[in-house]
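One structure below.
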Amino acid sequence: MWAAKLYGKKDIRIVECGVPQISADEILVKTSAAAICGSDLRMIENGYRGIDETHPLILGHEICGVVAEIGKNVTGYQTGDRVVVAPNMGCGHCKNCQDGDYHLCQEYQALGINMDGGFSQYIRIPDKAIRQGNVIRIDDSVSSEEAAVFEPAACVLNGQEQIEIRQGEDVLIIGAGPIGVLHALLARLQGAGRIFLSDLSEDRVRKCMELVPNIVPLDAGNLEKEVMDQTGGKGVDICITACAVKGVQEASFGLMNMKGRILFFGGLPAGKDLIQMHSNLLHYKELKVCGSTRCNAQQCRKIASLVREGKLELKGLISQKFELRDFEEAVHYAAGGQGLKTVIVFED
Ligand SMILES: [Zn+2]
Ligand SMILES: [Zn+2]
């Protein structure tokens, strides 16, 4: 089989390797589609701990495929089942794992992060992932490309669960990339009132407005004034930073209404994450600041049902499809930031 393996900083290779052997407790999934995530691009650009010439890793954690082989001890699946595989696994017995938050386990492992992932014709699904409910069956109503973006949608859902958007609240999203668009789609579902969107690229804002109805664009260069004009000087109830910009995090405190909630969704580059803020803004407005990272399998399942019920439409997020042999071109396209999601698709 063919796979895209990372060997270190800026060293990704399309290599031929053996189809993984599975044990009696594992499943082999034949990949249908795997989407490129911003974190894949960062891993390629900067390298990643544990990955080197002698320890290469197949990237890809946004995965949809078909069950190709089932270990004899595994029940509940059949070959041919279409599945989305949630990538995160934990020890199974710590407090976080008991709460279902495997992605917060100290022994966290994930496909495409520290175990071989989805930019590969086949993926071995470890028993832990199967036991923890990461292998989620989907029906034929959803395309593989769309199913491959369940995972980032679930990460966005995880973020929004921390800030609890209430009916009619004003939501500001800063950053109109795929994550910003997903935040807008889900905020709409949660009953948000007005959704404001700001990004330095007018092009991206326009694209998002095509996908999510009734977005109000705000000028990124003049954000505080625009927010205050729109809200009668009160500020927004919710601010989501869907970008990795320190200044955006710092400025968010000044944009908030009383009891406002801020979500720092996009992380900052390591070592450049010290921010300054006027702490009295937090104090006198009773603000809450939340963070979120990754997602759990339950949230992936929730996204699957929202899509199945026709409440969430993810098709518009797919900008471009590439085959695995054109992986480098796909990475180049995704890094260019023109489109939204770039998906690697595989032949049946
Ligand atoms: Zn991702
Ligand atoms: Zn654990």
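The values are calculated or read from the model by the stated rules, or taken from the named source; none is laboratory data. A quick note: this is a predicted structure, and the numbers were derived from the prediction, not measured. Glycine gets a Cβ as well: all are built from the backbone with ideal geometry, and neighbour counts include every protein chain shown.
A quick yes/no check of all residues on (1) within 13 Å of the chain's Cα centre (by Cα); (2) away from ligand 2 (no atom under 16 Å from the Cβ):
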site	(1), (2)
Cys105	no, no
Gly118	no, yes
Arg124	no, yes
Ile138	no, yes
Ser144	no, yes
Asn158	yes, yes
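Residues to consider are Asn214, Asn134; find the one that is over 30 Å from Gly247 (Cα atoms) and in contact (Cβ under 8 Å) with a residue 12 or more places away in the chain.
Numbers: Asn214 fails: over 30 Å from Gly247 (Cα atoms).
Unique residue meeting the criteria: Asn134.
Reported count of residues in the range 27-46, each being charged (D, E, K, R) and in contact with a strand residue (DSSP E or B) (Cβ under 6 Å, 6 or more places away or on another chain), is 1.
Against the condition more than 16 Å from ligand 2 (Cβ to nearest atom), surrounded by 15 or more Cβ atoms within 10 Å (Cβ to Cβ) and at positive phi, how does Gly47 come out, does it pass? Steps first, please.
Working: more than 16 Å from ligand 2 (Cβ to nearest atom): yes; surrounded by 15 or more Cβ atoms within 10 Å (Cβ to Cβ): yes; at positive phi: yes.
Answer is yes for this residue.
Please verify whether the range 122-145 includes one or more residues that are away from ligand 1 (no atom under 16 Å from the Cβ), more than 16 Å from Ala34 (Cβ to Cβ), assigned by TED's automatic domain parsing to the domain that holds Glu16 and of a type in the set (Ser, Thr, Tyr). Within the range 122-145, one or more residues are away from ligand 1 (no atom under 16 Å from the Cβ), more than 16 Å from Ala34 (Cβ to Cβ), assigned by TED's automatic domain parsing to the domain that holds Glu16 and of a type in the set (Ser, Thr, Tyr). In the condition set (1) within 16 Å of ligand 1 (Cβ to nearest atom); (2) surrounded by 17 or more Cβ atoms within 10 Å (Cβ to Cβ), Ile27 is compliant with all but (1). If I filter the range 50-59 for residues that are farther than 27 Å from Ser143 by Cα, more than 16 Å from ligand 2 (Cβ to nearest atom) and among the small types (Gly, Ala, Ser), do I get at least one hit? Looking through the range 50-59, at least one residue is farther than 27 Å from Ser143 by Cα, more than 16 Å from ligand 2 (Cβ to nearest atom) and among the small types (Gly, Ala, Ser).
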